[in-house]
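**Q** A single structure is presented below for examination.
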Amino acid sequence: MYRLKKILFICFLLLVAVKGNVSAQASKFEFGVRGGLNLSTAIVNDAAAIRIKPGYHIGGTVDYFFTQKFGLQSGLFLSEKGSKIDGFNSRSYVGGSPDYTFIFDALYLELPVYVAFRKNISGNFNVNMCLGPYFAYGIGGKTKRTLHNSAFADGSTEIEWNTFGNGVYDESRDWLRGETLHPFDFGAGIKVDFGYNQFILGIGLESGIIDIMHEERDIHYRNENISVSVGYRF
């Protein structure tokens, strides 16, 4: 976590430096910072129930408007996603009905590239409607499997492994592996930003396009996320 904080601090300094060197001729560029709440889940094909997992996002933004109404919005974000899934991969379960929960926690570096349409409501208030693809790469997170009415061989009711790792949770039995995700994710997003002077309130929806479940031919997993954010334009 210290390393991630250091990366974010360096990105912030670079953002400020770039902003300070933008000339008056390039005034169509807008730089800022943004952060907020993620309410993420997943689309899977083998689950008893899927619930929302709260997370966060934070990062720097850069917008470029070709005209007063049309432009591009992008930036680089640290975004925590995931899901809570009951009875996940139940077809592999032997002996009655499964009674367990998987919690996927996935930390991404995310780059959105959105087309934006801006509507000026008044001199200080505007609304941006944005849509386009996003690209993300997983850099951390843990997956936890919890048993509700039974226990594992060692008496515990929980096991944990790296979400983007090899799934090994017991080095003495490295042939036992939990479900993991591919680090690369690609999807589409849509969001609405309400701007007042330099301040922004945004609401967005992201939907993964590609299946990111690792080495599980019969299981499919795609990210879904609703975000609420606040931001500031320099």
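The values are calculated or read from the model by the stated rules, or taken from the named source; none is laboratory data. Computed from a prediction, not measured in an experiment: that's the story for all the values here. Neighbour counts run over all protein chains shown; Cβ positions are idealised from the backbone, glycine included.
This table checks each residue for (1) farther than 16 Å from residue 112 by Cβ; (2) touching a Phe, Trp or Tyr at 6+ places or on another chain (Cβ under 9 Å).
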position	(1), (2)
131	no, yes
135	no, yes
140	yes, yes
171	yes, no
195	yes, yes
215	yes, no
222	yes, no
230	yes, yes
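**Q** Here's another thing I want to ask about it. Taking into account only those residues within segment 216-233 that are assigned to a loop (DSSP other than H, G, I, E, B) and touching a Lys or Arg at 6+ places or on another chain (Cβ under 9 Å), which is nearest to residue 181 (Cα to Cα)?
**A** Step one: list which residues in segment 216-233 are assigned to a loop (DSSP other than H, G, I, E, B), which gives 216-220.
Retained after the next criterion (residues that are touching a Lys or Arg at 6+ places or on another chain (Cβ under 9 Å)): 218-219.
Details: 218: 14, 219: 11 Å.
Checked segment 216-233; the qualifying residue nearest to residue 181 (Cα to Cα) is 219.
**Q** Right, here's the next one. Going by the structure shown, is residue 77 within 20 Å of residue 44 (Cα to Cα), buried (at least 19 other Cβ atoms within 10 Å of the Cβ), touching a residue at least 40 places away in the same chain (Cβ under 8 Å) and out of contact with any helix residue (DSSP H, G or I) (no Cβ under 6 Å at 6 or more places or on another chain)? Talk me through it step by step, then tell me what you get.
**A** On the way: within 20 Å of residue 44 (Cα to Cα): no; buried (at least 19 other Cβ atoms within 10 Å of the Cβ): yes; touching a residue at least 40 places away in the same chain (Cβ under 8 Å): yes; out of contact with any helix residue (DSSP H, G or I) (no Cβ under 6 Å at 6 or more places or on another chain): yes.
Considered against the rule, which asks whether it is within 20 Å of residue 44 (Cα to Cα), buried (at least 19 other Cβ atoms within 10 Å of the Cβ), touching a residue at least 40 places away in the same chain (Cβ under 8 Å) and out of contact with any helix residue (DSSP H, G or I) (no Cβ under 6 Å at 6 or more places or on another chain), residue 77 comes out as no.
**Q** Check 163, 101, 143, 157 and return the single one that is among the polar types (S, T, N, Q), within 25 Å of residue 214 (Cβ to Cβ), out of contact with any Lys or Arg (no Cβ under 7 Å at 6 or more places or on another chain) and surrounded by 16 or more Cβ atoms within 10 Å (Cβ to Cβ). Can you show your working first?
**A** Numbers: 163 fails: out of contact with any Lys or Arg (no Cβ under 7 Å at 6 or more places or on another chain); 101 fails: out of contact with any Lys or Arg (no Cβ under 7 Å at 6 or more places or on another chain); 157 fails: surrounded by 16 or more Cβ atoms within 10 Å (Cβ to Cβ).
Residue meeting the stated conditions: 143.
**Q** Go through segment 118-130 and report how many residues are surrounded by 14 or more Cβ atoms within 10 Å (Cβ to Cβ) and either out of contact with any strand residue (DSSP E or B) (no Cβ under 8 Å at 6 or more places or on another chain) or of a type in the set (A, V, I, L, M, F, W, C) (or both).
**A** 2
**Q** Sticking with this structure for a sec: Do we find that residue 193 is crowded, with 17+ Cβ neighbours inside 10 Å, out of contact with any helix residue (DSSP H, G or I) (no Cβ under 6 Å at 6 or more places or on another chain), modelled with pLDDT of 90 or more and under 21 Å from residue 52 (Cα atoms) in this structure?
**A** Numbers: crowded, with 17+ Cβ neighbours inside 10 Å: yes; out of contact with any helix residue (DSSP H, G or I) (no Cβ under 6 Å at 6 or more places or on another chain): yes; modelled with pLDDT of 90 or more: yes; under 21 Å from residue 52 (Cα atoms): no.
It is false that residue 193 is crowded, with 17+ Cβ neighbours inside 10 Å, out of contact with any helix residue (DSSP H, G or I) (no Cβ under 6 Å at 6 or more places or on another chain), modelled with pLDDT of 90 or more and under 21 Å from residue 52 (Cα atoms).
**Q** Of the conditions (1) under 26 Å from residue 83 (Cα atoms); (2) in contact with a Gly (Cβ under 7 Å, 6 or more places away or on another chain), residue 115 fails just one. Which one is it?
**A** The number of the failed condition is (1).
**Q** For segment 63-73, enumerate the residues that are surrounded by fewer than 21 Cβ atoms within 10 Å (Cβ to Cβ), in contact with a Gly (Cβ under 9 Å, 6 or more places away or on another chain) and in contact (Cβ under 8 Å) with a residue 40 or more places away in the chain.
**A** Start the filter on segment 63-73 by keeping residues that are surrounded by fewer than 21 Cβ atoms within 10 Å (Cβ to Cβ), which leaves 64-72.
Still in the running and in contact with a Gly (Cβ under 9 Å, 6 or more places away or on another chain): 64-65, 72.
Hits for segment 63-73 are 65, 72.
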